[in-house]
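Worksheet: the structure to be examined is printed underneath.
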Amino acid sequence: MNNTDKNINLQVRQSGDDERELYSEIIMYDIGYDELLRKYPSREGLLRTIVDVITDIMVDKDDRILLGKEEKSLQAVRGMYSKLRIEHIEYVLSNYRQFEGRIKNVRGYLLSALYYAPFSVG
């Protein structure tokens, strides 16, 4: 599906779908969700959680969010999340695997890891 097809499809569906579902579809397209799922089928649950975390940020109505111990503007976090692509998600998956047994707050870990991924991956 090219960008024109994507835009037309999203415009047609926008009238009947809620904001969250629309954001989720856009995010899945942007990060290459289908390709990630083909490459990492055993990580389907984590990939879905990643999409949910990004979607939560995009639809959140607050002005600020806590990432680790640092408060950030939600707009700044959205800006970083909008840059996420397949290579960033693969980077997050790789790091997650290294620390999996030690991560106590998966959502908190993903919030920070996704924010910093564009800085870490050229």
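Yes or no: Tyr81 more than 17 Å from Ser112 (Cβ to Cβ), surrounded by 13 or more Cβ atoms within 10 Å (Cβ to Cβ) and not basic (Lys, Arg)?
no
Suppose we keep only residues that are farther than 14 Å from Ala113 by Cα and of a type outside the set (A, V, I, L, M, F, W, C) within the range 53-71. Which one would you say is surrounded by the most Cβ atoms within 10 Å (Cβ to Cβ)?
Thr55
Read-outs: derived from the displayed coordinates by stated rules, not from any lab. Keep in mind the model is a prediction, meaning the values are calculated, not measured. Note that we place each Cβ from the backbone using ideal geometry, even for glycine, and neighbour counts take in every protein chain shown.
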